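The values are calculated or read from the model by the stated rules, or taken from the named source; none is laboratory data. What you see is a predicted model, and the numbers here were worked out from it, not measured in a lab. Counting neighbours? That spans all protein chains shown, and the Cβs are built from the backbone with ideal geometry, glycine included. The protein model used for the area step is the full one, side chains on, heavy atoms only, and it has no ligands, DNA or RNA in it. Shrake-Rupley method; radii C 1.70, N 1.55, O 1.52, S 1.80 Å.
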Amino acid sequence: MSPRARAAARIAVAVLLLAALLWWTDPRTLWQLLRSADGGWLVLGLLSAVAANVASGLRWWALARWLGARVGARWALVMYFRGVAINAVLPGAVVGGDVYRAHALARRGLPMLEAGLSVLFDRVGGLWVLIVIGALAAAFALAGEGAAAALGRLGAGALVAIGPWAFAALAVLALLVPLAVLVAWRRGAAPPGGEVAAARWHERLVRLAHRRGAVAQYGWQVLGSAAVQVLSVGTLACAGAAVGVALPYWAWAVAAVPVFLFAALPVSFGGWGTREAAAVVALAAFGVSASQAVAVAMLYGVAALVQAVAAVGALAGTTDRWS
């Protein structure tokens, strides 16, 4: 399939998903919710979204610098917000902006493997920490009362069964899995059998693991990802408050896991459609109507679109030579 055909297919998927959701919900109710959304909450949500992207851009810059890129923070933020614009307005969800950032680093002299790893680690690490935060939020909620039923409807029966504190401990231990792999690489773990290309990749990764400050960099990436996800969940919560959805923060953190994961799937246009469908399912567990859930997800997507338009306008005429 050609790139144009794939792009057209992703646009079609987004349109069909949104059309199906509009048909299933009440379009008049949805329109009324969007039209009467509280402006103060929307502005606060937009500020939280901008702060999340700034934190995310600086996190990526720190990782790229550690991998050997000689770029400044301002350059990294410019490239990151250009990636945000690409993600929001071009087909392919998060893939297009990530590819752009990798090529931008490669043009600045960083080997393509390291440039690609910078966006891969940045993306996967952020989603990994999102899942951990969602798990910790669920465990925190179970330590109180009234959360078991909602989490059960979300399919988290195992969490209820093993208990909140045990699950919280497992969530924290999950953060140690990449660290354990890093330590194993630093000790020169033998490459897995198989193709020569796989062995070469493993060799490069082992070499990176031996680079000075690898463990400290992992710690900074975890902290940066936590800040990004807390702010992103805040944007989702502000979108909910704007349309009258009153949920505790822990509930938004739990619901954000499927919403953000489905929005990141490269099967639609800027995450539209998949994000709204996931929101309907996730927020239904907390008693939120389908119309409200779609409105929340759409307002979250609008925050990304506003940043994309602002980025295109503010960065027009800038060059990649910023340092």
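Take the residues in the stretch 267-290 that are of a type in the set (Val, Ile, Thr) and open to solvent by 50 Å² or more (accessible area, probe 1.4 Å), then tell me which one is nearest to Gly97 (Cα to Cα).
Val267
Within the bounds of the stretch 112-125, is there any residue that is touching a helix residue (DSSP H, G or I) at 6+ places or on another chain (Cβ under 9 Å) and modelled with pLDDT under 70?
No, the stretch 112-125 contains no residue that is touching a helix residue (DSSP H, G or I) at 6+ places or on another chain (Cβ under 9 Å) and modelled with pLDDT under 70.
Mind telling me which of the residues Ala214, Ala264, Ala256 ends up being open to solvent by 10 Å² or more (accessible area, probe 1.4 Å) and of a type in the set (Gly, Ala, Ser)?
Going through Ala214, Ala264, Ala256 in turn, just one is open to solvent by 10 Å² or more (accessible area, probe 1.4 Å) and of a type in the set (Gly, Ala, Ser): Ala264.
Tell me, yes or no, whether the stretch 42-55 has at least one residue that is surrounded by 22 or more Cβ atoms within 10 Å (Cβ to Cβ), touching a His at 6+ places or on another chain (Cβ under 9 Å), in contact (Cβ under 8 Å) with a residue 40 or more places away in the chain and part of a helix (DSSP H, G or I).
No, the stretch 42-55 contains no residue that is surrounded by 22 or more Cβ atoms within 10 Å (Cβ to Cβ), touching a His at 6+ places or on another chain (Cβ under 9 Å), in contact (Cβ under 8 Å) with a residue 40 or more places away in the chain and part of a helix (DSSP H, G or I).
Counting just the residues of the stretch 1-10 that are open to solvent by less than 70 Å² (accessible area, probe 1.4 Å) and either of a type outside the set (Gly, Ala, Ser) or in contact with a Gly (Cβ under 9 Å, 6 or more places away or on another chain) (or both), which one comes out modelled with the lowest pLDDT?
Ala7
Can you find a residue that is open to solvent by 70 Å² or more (accessible area, probe 1.4 Å) and among the charged types (D, E, K, R) anywhere in the stretch 14-31?
yes
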